[in-house]
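Q: Questions regarding the structure given below will be posed in turn.
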Amino acid sequence: MNHLLDSLATCIETQNWSAALALALMVPDALSKLAYPEEIKVGVRYARWFDEFALPVFSVQPQAGFQHLLDGAVCYALRCAYLHSATTELEGKIIRQRVAKIRFTQTPGVHSNQFGDILFLDIGTFCADLLQAGRAYSQDRPMPFSDVELVLLPNKNGSVTVTIPGLGRVMFSGGTGE
């Protein structure tokens, strides 16, 4: 997991915002699988982890009596839109009743403000908050994939053997794709 968080930190430092956003949206994915292995529905798992572990460390907290504009369900919709379609236009009737689109800015003063059905987020703040949440969560917990390293060995018959530390070897048969 550290490799993902370290890569996210590098992307934030270098202001590589497209990559930073993709990696930031992957943090709840990876950690929610570790936190709730019994939950098979990715969206439920993702939203639960986000609400439980990310929201409390977010730099902008709502005033008393109000709730976050960006919760786990909205962030999961953003994750799906961005990672699957490279857009920030959210899908899903219930989500769109609250937020139809997320606009990222590079203006921290505009972070977590909503105008109409558009939620404005400062991309640096958002990514840094998810990095902080990921580091805080993984700090005192064992991370089985702390450094993923794949060893690919081509075989004479066209197959490939993949060795994954902690999991062993897996062989993939070759094919022409025909």
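Q: Suppose the chain between SER18 and ILE40 were pulled fully straight at 0.36 nm per residue; how much longer would it get relative to their current alpha carbon spacing?
A: Fully extending the segment from SER18 to ILE40 adds 5.1 nm.
Q: Under 19 Å Cα-Cα from LYS101, which aspartates and glutamates qualify once same-chain neighbours fewer than 8 residues away are excluded?
A: Straight-line reach from LYS101, under 19 Å: ASP71, GLU89, GLU91, ASP117, ASP122.
Q: Still on this structure: Based only on other Cβ atoms within 10 Å, what is the fewest-to-most ordering of TYR36, TYR82, TYR137, TYR46?
A: So the residues, fewest neighbours to most, are TYR36, TYR82, TYR137, TYR46.
Q: Using amide H atoms built 1.01 Å from N in the peptide plane, name the residues 5+ places from HIS111, or on other chains, whose amide H lies under 5 Å from its own.
A: Under 5 Å from the amide H of HIS111: ASP122.
Q: Right, something else. May I ask you to evaluate 6.51 cos²θ - 1.76 cosθ + 1.60, the Karplus curve with θ = phi - 60°, for each residue of region 50-56 and list the ³J(HN,Hα) values in order in whole Hz, giving x for glycine and proline?
A: So the J values, rounded to whole Hz, are 4, 5, 7, 10, 8, 4, x.
Q: Moving to a separate point now. Filter the GluC sites (Glu not before Pro) in region 1-48 to those in DSSP coil with at most 14 other Cβ atoms within 10 Å of their Cβ, and list the result.
A: In loop regions of region 1-48 (DSSP not H, G, I, E or B), the sparsely surrounded GluC sites (Glu not before Pro) are GLU38.
Q: Hey, fewest Cβ within 10 Å first, where do PHE53, PHE115 land in order?
A: In order of increasing Cβ crowding within 10 Å: PHE115, PHE53.
Q: Can you give me the long-range amide H partners of ARG103? Hydrogens built in the peptide plane at 1.01 Å from N, cutoff under 5 Å, separation of 5 or more residues or another chain.
A: LEU119, PHE120, LEU121
Q: Additional query: For region 2-139, what is the convex hull (Cα atoms) projected area averaged across all directions, in square nanometres?
A: 8.3 nm²
Values quoted throughout were computed directly from the atomic coordinates according to the rules given, and no laboratory measurement underlies them. All values reported here derive from a predicted model rather than from experimental measurement. All Cβ positions, even for glycine, are placed from backbone atoms using ideal geometry, and neighbour counts span all protein chains on display.
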